[in-house]
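The values are calculated or read from the model by the stated rules, or taken from the named source; none is laboratory data. Remember, it's a predicted structure, so these values are computed and weren't measured experimentally. Neighbour counts run over all protein chains shown; Cβ positions are idealised from the backbone, glycine included. All accessible areas refer to the heavy atoms of the entire protein, side chains included, with ligands and DNA or RNA removed. Shrake-Rupley method; radii C 1.70, N 1.55, O 1.52, S 1.80 Å.
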Amino acid sequence: VETQEHYKSRWRSIWIMYLTMFLSSVGFSIVIMSVWPYLQKIDPTADASFLGWIIASYSIGQMVASPLFGLWSNYRPRREPLVVSTAISVAANCLYAYVHLPHSHGKYYMLTARALVGFGAGNVAVVRSYIAGATSLTERTSAMANTSACQAVGFILGPVFQTCFTLIGEEGITWKLIHLQLNMYTAPVLFGALLGVLNIILIFAIFREHRVDDMGRQCKSINFEGEESGVLDQDTEGNIDHVAVVAINFLFFVILFVFAVFETIATPLTMDMYSWTRKEAVFYNGIILSVVGIESVIVFMVVKTLSKKTGERAILHGGLLIVLVGFFILLPWGKKLPNIQWQEIKNNSIPTTTSTEMLMPFWSLQEMQLPSNHTVEPVGCPVTQSWCLNTPMIYLAQYISSDILIGLGYPVCNVMSYTLYSKILGPKPQGVYMGWLTASGSGARILGPVFVSQIYTHLGPRWAFSLICGVVVVSLLLLEIVYKRLIAFSVRYGRMQE
């Protein structure tokens, strides 16, 4: 029987993991609005296509690091990869604050800094594997939902922190002794570095290795340093269902892929369909995505209770159906065409939606400067996109309805994927497996914008959203095929009742 002291220590450690997850997502989003102007300032040779690489470098770094940190956590105390990964993020943030110092190639230093921040964020595999091992089956869904909620809140609050730091201004203050410029571009990353140092201190002071079996009994862990009360887990015998593991990895990839498409498409779609200016598109979509983020956090909280009544598989099925309906609604219907940019194209003066711009997040578009010979920004669907001449417009009501549905379906699918995955793996060390799942999500976030840049730009929204609907339908069919296999390890071997 678990003692009260052990229970409190276990949950204190889990709360430290929540904090680590929160700081990991803040590290991504806290600078995202200022990357483009900062890049232009430190290296005028950088163009929009290079910005796409800088944005993607975070996910690439995380994709590479996740399996490595996961493997490390399987055989050594988890404190080691957690501290090392956080220290890498702290150092990378400090590097980002100093990329203005070199007289040339500043863009490559920035690329390196963001890739290293992403590499440090590979610790989310360690976080989720620890939470999976430190919770019983009845606690697992709630803990995974809390983890995803902390991640979502980090993504929401990052840009808020960035906005607060804009009050410092572009020039800010300079500490000549250490050549440090404290301004609206560097203050956010230095704040992120400070939070990272605090996280390391808390890991040393509070975090302890704990492991319980699916029924909540204390178990000895290979990760533990020294003696620990508890019994050896005898329930690790049996093979993991690798068909179920591969299926969840594929489903998770699709879930992250379609959400990355949704995030990336927001600005160019609204500019093309509703003749919004860049400023309007950034402002309105910023409000919409903030509301979607808040909606997601609420869903994370609700799904914990709902899963106890219906089970994770049914909720995952429902979440995918909601996402499918969300993208189906976006298909163009009717006869009304969007407004067209009919201006003559000379000297590349019309800002068309090119593939490189599609790789840019919506908030960075506001920083792009119009050519000096233009006093009014052209709006509407660019005539260079041939589909604009024959594709009906997507009405604003369709777009808002789709945002609400995708904002409901995505968090449901996200939490259920992690929960089912951890239960399928059971008492086996989960570090490497969680690393592969995180890498699947990172790969999806890289490929999503690339998909949009090609399909949407050249073929239009009808093809783009039809293909997305097709991918989600394939995912639903796969879920039906493997539905009976997506059960907890202990249930599969008859040690517990479902």
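Filter segment 80-114 down to the residues that are modelled with pLDDT under 90 and of a type in the set (Lys, Arg) and list them by number. Result: LYS107, single match. Before we move on, is THR457 within 23 Å of the chain's Cα centre (by Cα), of a type in the set (Val, Ile, Thr) and part of a helix (DSSP H, G or I)? Considered against the rule, which asks whether it is within 23 Å of the chain's Cα centre (by Cα), of a type in the set (Val, Ile, Thr) and part of a helix (DSSP H, G or I), THR457 comes out as no. For segment 82-96, residues that are farther than 18 Å from PHE22 by Cβ and either surrounded by fewer than 23 Cβ atoms within 10 Å (Cβ to Cβ) or among the charged types (D, E, K, R) (or both) total 4. The condition of being of a type in the set (S, T, N, Q), under 30 Å from ASN74 (Cα atoms) and outside the structural domain of GLN62 (by the TED database) holds for only one of SER440, SER453, that being SER440. If you go through segment 479-498 and keep only what is buried (at least 17 other Cβ atoms within 10 Å of the Cβ) and either modelled with pLDDT of 95 or more or assigned to a helix (DSSP H, G or I) (or both), you end up with LEU479, VAL482, PHE489, SER490, ARG492.
All told, LEU190 meets the bar of being over 25 Å from LEU71 (Cβ atoms) and touching a Cys at 6+ places or on another chain (Cβ under 9 Å).
Selection of first residues in segment 314-341 that are among the aliphatic types (A, V, I, L, M) and of second residues that are open to solvent by 70 Å² or more (accessible area, probe 1.4 Å) and assigned to a loop (DSSP other than H, G, I, E, B), restricted to Cβ pairs under 8 Å at least 6 apart or on distinct chains, gives the following pairs, ordered by first then second residue: LEU337/ASN390. What about ARG462, is it basic (Lys, Arg) and surrounded by fewer than 20 Cβ atoms within 10 Å (Cβ to Cβ)? So ARG462 passes the test.
Just one of the listed residues (CYS469, CYS388, CYS413) is assigned to a helix (DSSP H, G or I) and touching a strand residue (DSSP E or B) at 6+ places or on another chain (Cβ under 6 Å), and it is CYS388. Within segment 162-192, the set of residues being touching a strand residue (DSSP E or B) at 6+ places or on another chain (Cβ under 9 Å) and either in a helix (DSSP H, G or I) or of a type in the set (Lys, Arg) (or both) comprises ILE168, LEU190. Restricting LEU157, LEU195 to residues that are in contact with a helix residue (DSSP H, G or I) (Cβ under 8 Å, 6 or more places away or on another chain), in a helix (DSSP H, G or I) and modelled with pLDDT of 85 or more narrows the list to LEU195.
So, GLY106, is that one closer than 16 Å to LEU180 by Cα and not acidic (Asp, Glu) or not? So GLY106 fits the description; yes.
Of the numbered conditions (1) within 20 Å of LEU101 (Cα to Cα); (2) part of a helix (DSSP H, G or I); (3) in contact with a helix residue (DSSP H, G or I) (Cβ under 6 Å, 6 or more places away or on another chain), TYR58 satisfies every one except a single condition; which is it? Of the numbered conditions (1) within 20 Å of LEU101 (Cα to Cα); (2) part of a helix (DSSP H, G or I); (3) in contact with a helix residue (DSSP H, G or I) (Cβ under 6 Å, 6 or more places away or on another chain), the odd one out for TYR58 is (1). If I filter segment 155-174 down to residues being out of contact with any Leu (no Cβ under 7 Å at 6 or more places or on another chain) and open to solvent by 100 Å² or more (accessible area, probe 1.4 Å), which single residue comes out as farthest from LEU194 (Cα to Cα)? So, considering only residues that are out of contact with any Leu (no Cβ under 7 Å at 6 or more places or on another chain) and open to solvent by 100 Å² or more (accessible area, probe 1.4 Å), the one farthest from LEU194 (Cα to Cα) is GLU171. Here SER453, SER402, SER422, SER475 are screened, and the one residue that is farther than 24 Å from TRP53 by Cα, modelled with pLDDT under 90 and surrounded by 18 or more Cβ atoms within 10 Å (Cβ to Cβ) is SER422. Within segment 377-399, is even one residue more than 21 Å from ALA143 (Cβ to Cβ), in contact (Cβ under 8 Å) with a residue 60 or more places away in the chain and within 19 Å of the chain's Cα centre (by Cα)? No, segment 377-399 contains no residue that is more than 21 Å from ALA143 (Cβ to Cβ), in contact (Cβ under 8 Å) with a residue 60 or more places away in the chain and within 19 Å of the chain's Cα centre (by Cα).
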